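For reference, the structure is listed below as structure tokens.
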Amino acid sequence: MLGELEMVKAMLGGDRRVVVLTGAGVSAESGVPTFRGRDGLWKRHRAEDLARPDAFAAHPELVWEFYNWRRGLVRDCEPNPAHLALAAMERQMPNFLLITQNVDGLHARAGSLRMVEMHGSLWQVRCTVCTHAREDFTDLPDLPECPVCGHLLRPGVVWFGEPLTPGVLRLAIEQIGKADVFLSVGTSSLVQPAASFCQLAKDHGAVTVEINREPTPNTGLMDFALHGPAGEILPELAAGLAE
Ligand code: BJW
Ligand code: ZN
């Protein structure tokens, strides 16, 4: 009898439409701290308490210090076997879309192209007042200023209570609605709207698969739950496709 991993492998072949949602757990093996749990602490602040517009309005220097620390940390990290396996899957599958909640850019550095960064990017900055926005990989000052109008810049990420970039949610919903297989990898499935993607996929008849070190609130919705490190499980799935 086939194990769960072999059964999932078998469903990824051919021209099946596959949508993968990733979260912070995918980058954990690169040394990037996850958002929640013990890792989600920075200088006694919870990451969730800093990734908010009200925190930025009240303490922009503290929030920028948090983001500048993360930019420096991620710059020294490398994509891990989980990122590489997803990039390999994309090359082997004609109908593949990666939707990531991660802002670290490691999927792109691993070679993923058909990818949506639904919560923005650590490497984007934009003005809090005018339309200036840019990609910036350099070391930023403590309180970076807009070169156009002189007002404060902010990280180009999506904070709690903010809408996703126009078109991103529409694309995700459209593609999930057509998916044959939906994989949720390394996310706690606590943050909306990403946490609802699994139910959406299931409602449209997709086979649902979770890859995580621990169960999540969505585990009960899954047809398959593969518990373990993404950096071990994803390469096994990708290797199956090449055989
Ligand atoms: C491993 C592993 C290994 C570890 N291998 N696994 C409906 C109901 C209730 C609330 C809401 C709702 N709709 C909207 C909301 C509000 C809010 C929300 O969801 N709140 C909940 C917390 C209750 N959502 C929003 O505000 C969103 N906006 C929105 O909906 O706007 C609507 C709107 C429309 C029109 C006008 C105005 C508004 C926006 C959400 C933005 C989230 N932003 C953040 C910060 C991004 C920038 C940054 O990084 O600094 O995104 S929050 C944070 O959480 C970050 C992450 O992308 C996101 C998800 O976290 P993730 O990836 O799941 O990480 P963790 O740490 O939670 O989990 C890691 C997992 O990995 C764990 O399960 C581990 O076990 C596992 N793991 N190692 C495999 N090796
Ligand atoms: Zn400006």
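Couple of notes before you dig in:
- Some residue of the stretch 103-110 being part of a loop (DSSP other than H, G, I, E, B), at pLDDT 95 or above and more than 13 Å from ligand 1 (Cβ to nearest atom): no
- Where a residue in the stretch 1-28 is in a loop (DSSP other than H, G, I, E, B) and its partner, wherever it lies, is more than 16 Å from ligand 1 (Cβ to nearest atom) and among the acidic types (Asp, Glu), with Cβ under 8 Å and at least six apart: Arg16/Asp180; Arg17/Asp180
- Options Glu61, Glu65, Glu6, Glu29; residue that is open to solvent by 40 Å² or more (accessible area, probe 1.4 Å), among the charged types (D, E, K, R) and under 17 Å from the mean Cα position of the chain (by Cα): Glu29
- Checked against (1) touching a helix residue (DSSP H, G or I) at 6+ places or on another chain (Cβ under 9 Å); (2) within 20 Å of Leu234 (Cβ to Cβ); (3) surrounded by fewer than 21 Cβ atoms within 10 Å (Cβ to Cβ); (4) not β-branched (Val, Ile, Thr), Trp42 meets all criteria but (2).
- Near pairs, Cβ below 9 angstrom, 6+ apart or cross-chain, from the stretch 112-131 (open to solvent by less than 40 Å² (accessible area, probe 1.4 Å)) to any residue that is basic (Lys, Arg): Leu122/Arg70; Leu122/Arg71; Trp123/Arg71; Val125/Arg134; Val125/Arg154; Cys127/Arg154
- For the stretch 95-111, the candidate set comprises residues that are hydrophobic (A, V, I, L, M, F, W, C) and without any contact (Cβ under 8 Å) to a residue 60 or more places away in the chain; within that set, the residue that is most open to solvent (accessible area, probe 1.4 Å) is Ala108.
The values are calculated or read from the model by the stated rules, or taken from the named source; none is laboratory data. Being a predicted model, the structure only gives us computed values, none of them experimental. Cβ atoms come from the backbone with ideal geometry, glycine included; neighbour counts cover every protein chain shown. Heads up: the accessible areas ignore ligands, DNA and RNA and are worked out on the full protein's heavy atoms, side chains in. Shrake-Rupley method; radii C 1.70, N 1.55, O 1.52, S 1.80 Å.
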